[in-house]
Amino acid sequence: VQLQASGGGLVQARESLRLTCEASGIIFSIKDLGWYRQAQGKQRELVAQVTSGGSASYVDSVKGRFTISRDNAKNTVYLQMTNLKPEDTAVYYCSAYQDGAYRYWGQGTQVTVSS
(Lines give C-alpha, C1' and ligand atoms only; values in the text may rest on other atoms or scores of the structure.)
Protein backbone atom coordinates (compact mmCIF):
# COMPACT_ATOMS: atom_id res chain seq x y z
CA VAL A 1 0.00 0.00 0.00
CA GLN A 2 1.33 3.41 -0.94
CA LEU A 3 -0.09 6.84 -0.21
CA GLN A 4 1.69 9.74 -1.89
CA ALA A 5 0.85 13.19 -0.54
CA SER A 6 1.75 16.43 -2.28
CA GLY A 7 0.75 20.06 -2.54
CA GLY A 8 2.22 21.55 0.61
CA GLY A 9 4.21 24.74 0.65
CA LEU A 10 4.81 28.14 2.18
CA VAL A 11 1.90 30.57 2.00
CA GLN A 12 0.77 33.71 3.74
CA ALA A 13 -2.18 33.86 6.09
CA ARG A 14 -5.58 33.91 4.35
CA GLU A 15 -4.20 32.17 1.27
CA SER A 16 -5.20 28.72 0.03
CA LEU A 17 -3.58 25.38 -0.75
CA ARG A 18 -4.84 22.08 -2.07
CA LEU A 19 -3.27 18.88 -0.86
CA THR A 20 -3.45 15.74 -2.98
CA CYS A 21 -2.96 12.14 -1.95
CA GLU A 22 -2.73 9.36 -4.50
CA ALA A 23 -3.18 5.79 -3.33
CA SER A 24 -2.12 2.46 -4.77
CA GLY A 25 -2.26 -1.10 -3.58
CA ILE A 26 -5.65 -0.80 -1.88
CA ILE A 27 -9.26 -1.04 -2.97
CA PHE A 28 -9.58 2.69 -2.71
CA SER A 29 -13.31 3.05 -3.17
CA ILE A 30 -14.23 1.07 -0.06
CA LYS A 31 -11.88 2.86 2.29
CA ASP A 32 -12.56 5.70 4.64
CA LEU A 33 -9.81 8.26 4.18
CA GLY A 34 -8.40 10.93 6.39
CA TRP A 35 -6.02 13.85 6.56
CA TYR A 36 -4.02 14.23 9.73
CA ARG A 37 -1.57 16.91 10.71
CA GLN A 38 1.22 17.16 13.21
CA ALA A 39 2.63 20.47 14.32
CA GLN A 40 6.06 20.64 15.87
CA GLY A 41 5.91 19.52 19.49
CA LYS A 42 2.27 18.44 19.26
CA GLN A 43 0.41 15.21 18.80
CA ARG A 44 -0.91 14.17 15.44
CA GLU A 45 -4.55 15.13 15.02
CA LEU A 46 -7.24 14.06 12.59
CA VAL A 47 -8.22 17.13 10.60
CA ALA A 48 -10.77 15.74 8.16
CA GLN A 49 -12.10 12.42 7.02
CA VAL A 50 -14.38 11.18 4.28
CA THR A 51 -16.19 7.87 4.31
CA SER A 52 -16.42 5.46 1.40
CA GLY A 53 -19.93 6.87 0.88
CA GLY A 54 -18.66 10.43 0.67
CA SER A 55 -19.67 11.77 4.09
CA ALA A 56 -17.15 14.26 5.42
CA SER A 57 -16.33 15.44 8.91
CA TYR A 58 -13.86 17.96 10.30
CA VAL A 59 -12.15 19.02 13.47
CA ASP A 60 -13.74 22.21 14.78
CA SER A 61 -10.69 24.36 14.11
CA VAL A 62 -10.95 23.88 10.33
CA LYS A 63 -14.71 23.76 9.80
CA GLY A 64 -15.76 26.19 7.12
CA ARG A 65 -12.20 26.56 5.84
CA PHE A 66 -11.12 23.06 4.75
CA THR A 67 -12.90 20.68 2.41
CA ILE A 68 -12.03 17.03 1.96
CA SER A 69 -13.06 15.25 -1.22
CA ARG A 70 -12.26 12.08 -3.07
CA ASP A 71 -12.11 10.87 -6.65
CA ASN A 72 -12.41 7.10 -6.62
CA ALA A 73 -11.71 6.86 -10.35
CA LYS A 74 -8.29 8.43 -9.71
CA ASN A 75 -7.65 6.79 -6.32
CA THR A 76 -7.11 10.27 -4.98
CA VAL A 77 -8.21 12.24 -1.94
CA TYR A 78 -7.90 16.00 -1.68
CA LEU A 79 -7.83 18.57 1.07
CA GLN A 80 -8.75 22.05 -0.07
CA MET A 81 -7.57 24.56 2.53
CA THR A 82 -8.71 28.15 2.43
CA ASN A 83 -8.22 31.15 4.71
CA LEU A 84 -5.13 29.51 6.13
CA LYS A 85 -3.85 30.60 9.52
CA PRO A 86 -0.40 30.36 11.09
CA GLU A 87 -1.76 27.72 13.47
CA ASP A 88 -2.43 25.47 10.47
CA THR A 89 1.32 25.09 10.06
CA ALA A 90 2.13 21.39 10.29
CA VAL A 91 3.11 18.30 8.37
CA TYR A 92 -0.03 16.91 6.77
CA TYR A 93 -0.49 13.18 6.25
CA CYS A 94 -3.11 11.25 4.37
CA SER A 95 -4.28 7.94 5.73
CA ALA A 96 -6.54 5.02 4.87
CA TYR A 97 -8.77 3.23 7.34
CA GLN A 98 -8.87 -0.53 7.80
CA ASP A 99 -10.01 -2.88 10.54
CA GLY A 100 -10.95 -0.23 13.03
CA ALA A 101 -8.09 2.21 12.66
CA TYR A 102 -6.16 4.39 10.28
CA ARG A 103 -3.37 2.01 9.33
CA TYR A 104 -1.86 3.21 6.09
CA TRP A 105 0.07 6.46 5.92
CA GLY A 106 1.61 8.70 3.32
CA GLN A 107 4.98 10.37 3.79
CA GLY A 108 3.61 13.78 4.77
CA THR A 109 3.73 17.18 3.15
CA GLN A 110 4.77 20.36 4.95
CA VAL A 111 2.38 23.29 5.13
CA THR A 112 3.78 26.53 6.50
CA VAL A 113 1.59 29.58 6.94
CA SER A 114 3.27 32.90 7.67
CA SER A 115 1.50 35.77 9.36
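The values are calculated or read from the model by the stated rules, or taken from the named source; none is laboratory data. All values derive from a computational prediction rather than experimental measurement. We place every Cβ from the backbone using ideal geometry, glycine too, and count neighbours over all the protein chains shown. Side chains are part of the model used for accessible areas, which takes the heavy atoms of the whole protein and leaves out ligands, DNA and RNA. Shrake-Rupley method; radii C 1.70, N 1.55, O 1.52, S 1.80 Å.
Here is how the numbers come out for the structure above:
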item	result
Length released on extending from Glu45 to Glu15, taking residue separation times 0.36 nm less the Cα-Cα span	8.6 nm
Net charge dipole size for the stretch 12-114 [Lys, Arg +1 and Asp, Glu -1 on Cβ; Debye, nearest 20]	100 debye
Of all DSSP beta bridges in the chain, antiparallel share, percent nearest 5	90 percent
Accessible-area composition of the chain, carbon plus sulfur, in percent [1.4 Å probe]	43 percent
Point-to-point label distance, Thr82-Thr112, nm (Cα→Cβ direction, 7 Å offset)	2.6 nm
Å² per residue, accessible surface of the chain at 1.4 Å	53 Å²
Phi to ³J(HN,Hα) by Karplus 6.51 cos²θ - 1.76 cosθ + 1.60 over the stretch 32-42, Hz, x for Gly, Pro	6, 10, x, 10, 10, 9, 9, 7, 4, x, 10
Calculated log₁₀ intensity ratio I(q)/I(0) where the Debye formula runs over C-alpha points of the chain, q = 0.13, 0.20, 0.23 Å⁻¹	-0.43, -1.03, -1.34
Proximal aspartates and glutamates relative to Lys63, as straight alpha-carbon distance under 18 Å, when same-chain residues fewer than 8 apart are discounted	Glu15, Glu45, Glu87, Asp88
Whole-Hz couplings from phi, Karplus 6.51/-1.76/1.60, listed for the stretch 105-115; x for Gly and Pro	10, x, 7, x, 9, 7, 10, 10, 10, 9, 8
